[in-house]
Amino acid sequence: MSITPAEQEAFARDGYFVRPGSVPATMVDALNARLSRLITRCAADHQDGTRKSLAFWDILRGSRDDASVCWDVSRGEMPARAEDWEARAMRVGHGLHRVDDLFASAARGQAIGSVLSALLPPPAWIVQSAVVYKQPRSDVVQFGLHQDAAYLTTEPESLVLAFLALDDMDAENGALSVVPGTHRDPLHVALAMGPDGFYPVEGRPRPERDYTPELLPMRRGTVAFIHGRTLHASGPNRSPRPRRALIVHAMSGTSRLASNTWIQPPPEGFQSI
Ligand SMILES: O=C(O)CCC(=O)C(=O)O
């Protein structure tokens, strides 16, 4: 069985559950090493002119099917050597499972894919996969309280996020926080992608409630499974350590993606897990 009755119950009650020790340290090390390679390759593409724009939203919009890197350009000139660009990486995706065998096996394997499959009416489809990269002592990557279903809206709703900690995470380096039970809220806003980022296409006032986020410190190798409407957030990285997370979003093939959603299925359709 891929999930226990207690996990099923927690998901229904709280809108998330956490599984420590899901991915062995050797696999986490291998994913981080592969990540470095993908980032250096992308940097080399910029240096030889294969990739041009360094603008965040240009890169994000074009990132559905590959391993594009969004860069922190706020710290001046990019480094001379491609290997040194990793210190500027903010986000890598959103098709890691499509272009890289190791990330594909992580996304589809026992620790993530099987659990997503157990949570979703079959068939379960991977919509996107990416690494969120918070650099040491940097506040450029942080997230206010949001529902992922706002920017990946499925009808009827079936979105689930798997969040794999690739580093130990705590309050100091920007661990995830969630507001238990908020998956029972309606979708507060639906977002589409414009030239300068996401903009609201449909919104309802957020219910008058006191949202108290709960910090989820995680050891590397932990996976959290989060309902698409569960409010979550994460702060800046104030530590000298990196904070990397693999995020994999999945939906049921019995739903469809809203037409305003920034990711649409590739021509051959989404792949089942
Ligand atoms: O990496 C994180 O802390 C949160 C990521 C997230 O919520 C998102 O990408 O929507």
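The values are calculated or read from the model by the stated rules, or taken from the named source; none is laboratory data. Source: prediction; values computed, not measured. Glycine gets a Cβ as well: all are built from the backbone with ideal geometry, and neighbour counts include every protein chain shown. Heads up: the accessible areas ignore ligands, DNA and RNA and are worked out on the full protein's heavy atoms, side chains in. Shrake-Rupley method; radii C 1.70, N 1.55, O 1.52, S 1.80 Å.
Quick notes on this structure:
- Looking only at residues in region 119-155 that are assigned to a strand (DSSP E or B) and open to solvent by 40 Å² or more (accessible area, probe 1.4 Å), the one that is nearest to the ligand (Cβ to nearest atom) is PHE143.
- Filter result for the condition that a residue is in contact (Cβ under 8 Å) with a residue 12 or more places away in the chain and out of contact with any Ser or Thr (no Cβ under 6 Å at 6 or more places or on another chain), over GLY194, GLY203: GLY203
- Test: residue in region 72-82 that is assigned to a helix (DSSP H, G or I) and either open to solvent by less than 30 Å² (accessible area, probe 1.4 Å) or free of Cβ contacts under 8 Å to residues at least 12 places away in the same chain (or both): yes
- Subset tally (residues that are under 12 Å from the mean Cα position of the chain (by Cα) and either farther than 19 Å from GLY95 by Cα or free of Cβ contacts under 8 Å to residues at least 60 places away in the same chain (or both)) for region 119-143: 1
- Scope region 49-61; condition of a type in the set (Phe, Trp, Tyr) and surrounded by 17 or more Cβ atoms within 10 Å (Cβ to Cβ); matching residues: PHE56
- VAL179 being in contact (Cβ under 8 Å) with a residue 40 or more places away in the chain and under 26 Å from TRP57 (Cα atoms): no
- Among the residues making up region 160-172, those that are open to solvent by less than 10 Å² (accessible area, probe 1.4 Å) and more than 11 Å from the ligand (Cβ to nearest atom) are VAL160, ALA162.
- Listed by position, the strands (runs of 3 or more DSSP E) enclosed by region 174-273 that each have at least 2 residues that are surrounded by 19 or more Cβ atoms within 10 Å (Cβ to Cβ) and among the charged types (D, E, K, R) are 243-252.
- Within region 150-171, being within 17 Å of the chain's Cα centre (by Cα) and acidic (Asp, Glu) holds for ASP167, ASP168.
- Number of positions in region 12-48 that are in a helix (DSSP H, G or I) and open to solvent by 20 Å² or more (accessible area, probe 1.4 Å): 18
- Sub-7 Å Cβ pairs linking a first residue in region 235-262 that is under 17 Å from VAL92 (Cβ atoms) and in contact (Cβ under 8 Å) with a residue 60 or more places away in the chain to a second residue that is of a type in the set (S, T, N, Q) and away from the ligand (no atom under 14 Å from the Cβ), at least 6 apart or interchain, are ARG244/ASN32, ordered by first then second residue.
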